[in-house]
Amino acid sequence: MKIIIIGGGIIGLSSALYLQSAGHNITIVDRTDMLDGCSYGNAGYICPSHFVPLATPGIVWQGLKWMLNSKSPFYIKPSLNSSLVKWGFQFYKSATTSHVEKSAIPLRDIALLSKHLYEEWTKIPGLEFSYEPNGMLELFQREANAYHAEHTIKAAKELGIDAQLIDKATLQQMEPDTEINALGAVYFPGDSQLYPNQLMSSLITYLKSKGVTFEGNSEVTGFTKNGVITSKGNIEADHIIVAAGVWSGELAKLLNLNIPMVGGRGYSVTYENAPWKVRRSVILSEARVAISPMNGNKIRFGGTMEITPVNTPPRMERVQGILESVKRYFPAYDIPLPTQDKVWYGYRPCSADGLPHIGTLKNYPNVTVATGHSMLGISLGAATGKLVSEIINGDQLSMDITPFKVDRF
């Protein structure tokens, strides 16, 4: 078939990888040049440990408290925008204990599938992305979080995910390059790390070599019976995949599909040959900050979840908050605030319940949606691409995708 994929992020590229190998003719259309989206600036985690969705009990009230702090990890800009109001209402309804419990198994399954597939990708000639299966440490500084860590470990083990409570002394042995100010950590040996920029660049080069067509700086403005309408003209296709990240919600409206979606803006700063070193992925639990060693000589600091319109100028105080948080855990890390041009920021496609939307539309059987991965786009990218290809090819699915129904709202 001739297939159009709307979106050149990790979900679109992964889908293209599997569909092209199945013999389909693929065209990827994206409103940008596909060189700097969320699939580039993220932490690069492949994390089965992240089996808890974004919508959790208490997050709404915590978010309201954080709104008073310009450097806080979570912020929603107050607005009467109807899309934001609808998303907020659904997010509030989803932030329950029962939702967290029901979400754990599907999030675990798609993450484990993705990890397995990324390991397979390391064997594909021409694909390079510095895959490192070194595990992840989630540091905590407060007794309340130590108590929460014990519950996290219990829940992880019930799901078959290896998780270990690490005391301060053991933590320092695992990360001996600098003093750490933390009571301890949860260690997830099964998590992995990759370098997103290298992955995306390598995938694009590989797909082009296999005959995949790329139409960058081309915005999809509508759908026809047999294709899409773009800012550069119409393109015909037998099947269309909507994997446009934060813009997927607006495209869904054109197909009479309700996908409550907002852009959760995150920031990151990457340093090459820096004096600050960690040996594995690190999360600072109270600060919601991620630290990622990348490609042997790089380190990336990232975080925040800022629900704000996509045309809002970046807030450098958010970046300052990230770097100050790092110093609270790593006292020797005096990281100066970089200039704005050295800061990456992008908008994660946040669904209203923290779960992705994956599946084919009932009223448009030639349209498949794959979006809404929130902060887990890279982690779940390979698996989502595989599932999309299985859906379109009519193959047996690698896992049950019922929890990811596209029309659940």
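Residue by residue, here is whether (1) in a loop (DSSP other than H, G, I, E, B); (2) over 15 Å from Ile283 (Cβ atoms); (3) not hydrophobic (A, V, I, L, M, F, W, C) holds:
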residue: Lys154; (1), (2), (3): no, yes, yes
residue: Lys157; (1), (2), (3): no, yes, yes
residue: Ile166; (1), (2), (3): no, no, no
residue: Leu171; (1), (2), (3): no, no, no
residue: Asp177; (1), (2), (3): yes, yes, yes
residue: Ile180; (1), (2), (3): yes, no, no
residue: Tyr187; (1), (2), (3): no, no, yes
residue: Gly190; (1), (2), (3): yes, no, yes
residue: Asn197; (1), (2), (3): no, yes, yes
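Scanning the range 364-386 for residues that are closer than 27 Å to Lys77 by Cα, assigned to a helix (DSSP H, G or I) and open to solvent by 40 Å² or more (accessible area, probe 1.4 Å) turns up at least one hit. Tyr40 - would you say it is farther than 30 Å from Lys157 by Cα, within 20 Å of the chain's Cα centre (by Cα), open to solvent by 30 Å² or more (accessible area, probe 1.4 Å) and touching a residue at least 40 places away in the same chain (Cβ under 8 Å)? So Tyr40 fails the test.
Across the range 154-181, the number of residues qualifying as under 30 Å from Pro106 (Cβ atoms) and basic (Lys, Arg) comes to 2. Under the condition of being surrounded by fewer than 20 Cβ atoms within 10 Å (Cβ to Cβ), touching a residue at least 12 places away in the same chain (Cβ under 8 Å) and either under 12 Å from Glu215 (Cβ atoms) or of a type in the set (A, V, I, L, M, F, W, C) (or both), the residues counted in the range 233-246 number 0. Pro309: open to solvent by 10 Å² or more (accessible area, probe 1.4 Å), over 28 Å from Glu138 (Cα atoms), touching a residue at least 60 places away in the same chain (Cβ under 8 Å) and assigned to a loop (DSSP other than H, G, I, E, B), yes or no? Yes: the conditions hold for Pro309.
How do the helices (runs of 4 or more DSSP H) wholly within the range 1-85 filter down when requiring 1 or more residues that are in contact with a Pro (Cβ under 9 Å, 6 or more places away or on another chain) and closer than 26 Å to Gln320 by Cα: which remain? Spell out the reasoning first.
Numbers: elements: 10-21, 38-41, 59-66.
Correct list: 38-41, 59-66.
Could you list all residues from the range 254-280 that are part of a strand (DSSP E or B), of a type in the set (D, E, K, R) and crowded, with 16+ Cβ neighbours inside 10 Å? Selection gives Arg265 alone.
Among the residues examined, Leu203 qualifies as in contact with a Leu (Cβ under 6 Å, 6 or more places away or on another chain), open to solvent by less than 30 Å² (accessible area, probe 1.4 Å) and not charged (D, E, K, R). Beta carbons closer than 9 Å, at least 6 apart along the sequence or on distinct chains, pair a first residue in the range 208-232 that is within 20 Å of Asp33 (Cβ to Cβ) and of a type in the set (Phe, Trp, Tyr) with a second that is open to solvent by less than 80 Å² (accessible area, probe 1.4 Å) and in a loop (DSSP other than H, G, I, E, B) for Phe214/Gly8; Phe214/Asp30; Phe214/Met34. Among the residues making up the range 97-137, those that are open to solvent by 50 Å² or more (accessible area, probe 1.4 Å) and over 30 Å from Leu17 (Cα atoms) are Thr97, Ser98, Glu101, Lys102.
Tallying residues that are assigned to a loop (DSSP other than H, G, I, E, B) and either closer than 14 Å to Gly12 by Cα or open to solvent by 30 Å² or more (accessible area, probe 1.4 Å) (or both) within the range 206-232 yields 10.
The values are calculated or read from the model by the stated rules, or taken from the named source; none is laboratory data. Just so you know, these numbers come straight off a predicted model, no measurement behind them. Quick reminder, even Gly has a Cβ in these numbers, built from the backbone with ideal geometry, and neighbours come from all protein chains shown. Remember, those area values only see protein heavy atoms, side chains included, never the ligands or the DNA or RNA. Shrake-Rupley method; radii C 1.70, N 1.55, O 1.52, S 1.80 Å.
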